Structures are given as structure tokens and as C-alpha cells.
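The structure under discussion appears below in the form of C-alpha cells.
The values are calculated or read from the model by the stated rules, or taken from the named source; none is laboratory data. Owing to the predicted nature of the structure, the values given are computational and were not obtained by experimental measurement. So basically every Cβ, Gly included, is an ideal-geometry build from the backbone, and we count neighbours across all protein chains shown. Please note that ligands, DNA and RNA were not included when accessible areas were found on the heavy atoms of the full protein model with its side chains. Shrake-Rupley method; radii C 1.70, N 1.55, O 1.52, S 1.80 Å.
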Amino acid sequence: MRAAKAYLRSPAAVIGTVILLAVLVMGVGADWFYPGDPLGLAGRPLQWPGQNPRFLLGTDSSGRDIAAQIVHGARISLLIGFVATSIAVVIGIAIGSVAGFYGGATDTALMRVTEAFQTLPNFILLLVLVAVFGSTIETVTIAIGIVSWPPVARLTRAEFLSLRTRDFVQACRVQGLSDAHLILREVLPNALPPVIVYASVVMAVAILLESALAFLELSDPNVPSWGNLIGLGRNVLRTEWYVSAIPGVAILLTILGVSLVGQGLNDALNPRLARAR
């Protein structure tokens, strides 16, 4: 309850929540706002915003309604961000918790695996995975999750290394509780706050990674992705710049909302800030 009040007292958190709720409403209500196929031909190509009352944000080079693609693209971006973040967090927590709790050879082996994933920039590794396994939206989402877990694992490991020697953990050991109980019921709940905060960063990066893939025409072209729309506008950027600018603003606002929510969560869950209050 105290954390919730601290979160709501943060202007950044409130603004971020409002932005994300707006994007969520667009995604959930996409079929109601713009029924039908958002990738279907709607009118004359390259109509500027406001030029035709039917198309509030204009049309792209294929004659498709940009507003419909923006609204339906909100659903795609949120799904990619949430699912990829969930995959990264689950893998990162699993590896980081085991490495931090047991230490020694187990820690060394798991951290070498983590470092192996970090030898290449995550976008380069993502390109390799997409080239090997295909560019369907499901494959892209899973691939983004796979390349995003190492920082989560390192953060979880650091928290476990700090917590495993605390008195409450030693007391549970004396009682003969199993390692699984100690990890899942005692240490992990106390290690989660910074991981939850960092998850907002992972989600923001996941949305950007999908947009970058789509811009390079390596994402699924059969979904109304904001990145696909930016990539489509690349060929007319000098004259009809709005085709790329409008989805770019949508991505910017979504990333801003996610970042502000993460900042609010940090203000609410950070124990140092809580003591200062």
C-alpha cells in the first residue's frame, strides 16, 4: 500500500501510466476503432494528414490508412514488448538466482554462458536468429526475449549474492528448509523489486528492436507493425516524411511511457528512497 501511494505521488509515473493506458486502449479497441484489415487498400496513395476527412493521418505509399495501422500496431507493439520481456525475465531470473544462490563452480559456469551471449551486441545476435529461424512475428518475439535475458540474469545474481548471507536466510537453513524453498519463497521475493524496475527497460528495448528489424524489412510484413510502417516510408522520406514520422512518434511516446513507469516503480520500490521518505 505504501509503495502504491509512493508510485501515485510520482508525476513521472502518473504521466507514464496515462500514456500506456492510452496505447492499451488503442490496442484492445483496435477492431472497434478500425474494423477490417488495416493492411487493406483504403484510398489513393500518399494522401497527407487532413487532406481527406476519411484518413485522419493520411495514407501510405500503398494507399493504406495510416491511422488504422497505428491503432492496430499498438496491439502488436504491446504484445511483443510484454511477451519478449516475460521470456527474458523468466530466463534471467532462473539463471541469475541459481548462480547467485549456489556460487562457486555453478556461478562461474552460468556466468560464462551469460558472457557468451553478450560477446555480440544483442541486435547482431537477433539478426542471426531471425536469419536462421525466420521472421514470423512469433519467431521475432521469442528471439528478442532470448537476446534480452543476460542483464536480467546479472542483476538477479547480484541481488542473490547480497541476500543469501542475510540472517533470515541463515535462520531458514537452520530449520532445514530446502534450497528450492529458500530460493523461491525467501530470497527471490526480496530480489524482485530491482528486476521489476529493469523489466521496463527490457520492454522498451524489445519494442525498439522489433521496429529496427521491421525497418530493415526483416520482421513479419503481414502484421500492422509500427516498424513496418516506418520502413515503408523510407522510400518517400524526402517528400512524404509523415509516413515514417507518425509511427516514429507513436514508438517514441510508448517508449517514454514505459520509461516513466519504470522510473515510478523505482521511486516506489527502491528501499533507499523509501527510507528517505
For the stretch 157-231 and the stretch 6-57, what is the separation of their C-alpha centers, rounded to whole Å?
-> 28 Å
Approximate spin-label separation TYR102-ARG9, in nm, with each point projected 7 Å along Cα-to-Cβ | 4.3 nm
Label selected from (1) 22.3, 72; (2) 20.4, 82; (3) 21.9, 75, the criterion being Rg and Dmax of the Cα atoms in Å as computed here = (3)
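Rolling a 1.4 angstrom probe over the protein heavy atoms, how many square angstrom per residue are accessible across the chain?
Spelled out: the 1.4 Å probe surface of the chain, per residue, equals 50 Å².
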Helix 137-147 vs. the chain, principal-axis angle (Cα, 0 to 90°, nearest 10) = 40 degrees
What angle, in degrees between 0 and 90 and rounded to the nearest 10, separates the Cα long axis of helix 104-117 from the longest principal axis of the Cα atoms of the chain?
-> 10 degrees
Dipole size in debye (nearest 20) for the chain around its Cα centre, Lys and Arg Cβ +1, Asp and Glu Cβ -1?
-> 920 debye
Within the stretch 210-262, list the GluC sites (Glu not before Pro) lying in a DSSP loop whose Cβ has at most 15 other Cβ atoms in a 10 Å radius.
-> GLU217
Order by accessible surface, 1.4 Å probe, largest leading, for residues LEU57, LEU188 comes to LEU57, LEU188
In the chain, taking the dipole from +1 charges on Lys and Arg beta carbons and -1 charges on Asp and Glu beta carbons about the Cα centre, the listed residue (PHE215, VAL236, GLY176) farthest towards the positive end is GLY176
Label points 7 Å out from Cα along the Cβ direction at LEU21 and THR165: separation in nm?
-> 4.5 nm
Heavy atoms only, probe 1.4 Å: what % of the accessible area of the stretch 133-182 goes to carbon and sulfur, would you let me know?
-> 57 percent
Among LEU41, GLY96, THR119, the residue whose Cα sits farthest towards the positive end of the charge dipole of the chain (+1 at Cβ of Lys and Arg, -1 at Cβ of Asp and Glu, taken about the Cα centre) is GLY96
The chain: calculated mean residue ellipticity at 222 nm from DSSP helix runs of at least 4, using -39500 (n - 2.57) | -23500 deg cm²/dmol
Kindly express, to the nearest 10 degrees and within the range 0 to 90, the angle between helix 188-215's C-alpha long axis and the longest C-alpha principal axis of the chain.
-> 30 degrees
